[in-house]
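The values are calculated or read from the model by the stated rules, or taken from the named source; none is laboratory data. It should be emphasised that the depicted structure is a prediction, and the values quoted were computed from it without experimental measurement. Ideal geometry is used to build each Cβ from the backbone, glycine not excepted, and the neighbour counts take in all protein chains shown. With ligands, DNA and RNA removed, areas are computed over all heavy atoms of the protein, side chains included. Shrake-Rupley method; radii C 1.70, N 1.55, O 1.52, S 1.80 Å.
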Amino acid sequence: MSPFTVFVRTLMKTSAVFLGAGIIFLNPSLDWSASRAAVTARQSPSEAALDALIAALKDSDGDVRRHAAAALGAIGNPRAVPGLIDALKDAEAKVRERVVIALGEIGD
């Protein structure tokens, strides 16, 4: 694969992760039924975004995994710790390094 192809692929995947997280934050957390008689609570947007970022730690692209770890560290939610601990076994050193930094940010 050419460097340009790798760059475009990484850019697209990273953009998709962050756009997806942004869209989740903007969606309402309540779902009105068709009759409007009942409201059912769903997962909050921030919880859904956190789950999406944790899932991104298992992406096939190392840059996506690294950016997901960085975002989880910035968020600082302790729910991300198990996923980050699993990511310590990542094959790429840069991902493992970012995971260690993220775990330190959550621990502070």
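At 1.4 Å probe size, with the rest of the protein present, what percent of the exposed accessible area of region 50-108 is carbon and sulfur atoms?
It is 56 percent, rounded to a whole number.
Would you mind getting the accessible area per residue of region 45-108, heavy atoms of the protein chains only, 1.4 Å probe, in Å²?
On the way: 3240 Å² over 64 residues.
Result: 51 Å² of accessible area for each residue.
In sequence order, what are the phi-derived ³J(HN,Hα) couplings for region 56-63 according to the Karplus relation 6.51 cos²θ - 1.76 cosθ + 1.60 with θ = phi - 60°, rounded to whole Hz, with x for glycine and proline?
My calculation for region 56-63 gives 5, 5, 10, 5, 6, 9, x, 5 Hz in order.
Would you work out the relative contact order for region 68-107, in percent, from Cα pairs under 8 angstrom that are 6 or more residues apart?
57 percent
Please go through region 72-108 and write out the trypsin sites (Lys or Arg not before Pro) that DSSP classes as loop and that have at most 13 other C-beta atoms within 10 Å.
On the way: sites: ARG79, LYS89, LYS94, ARG96, ARG98; in loops: LYS89.
Taking region 72-108 and a limit of 13 other Cβ atoms within 10 Å, the loop trypsin sites (Lys or Arg not before Pro) found are LYS89.
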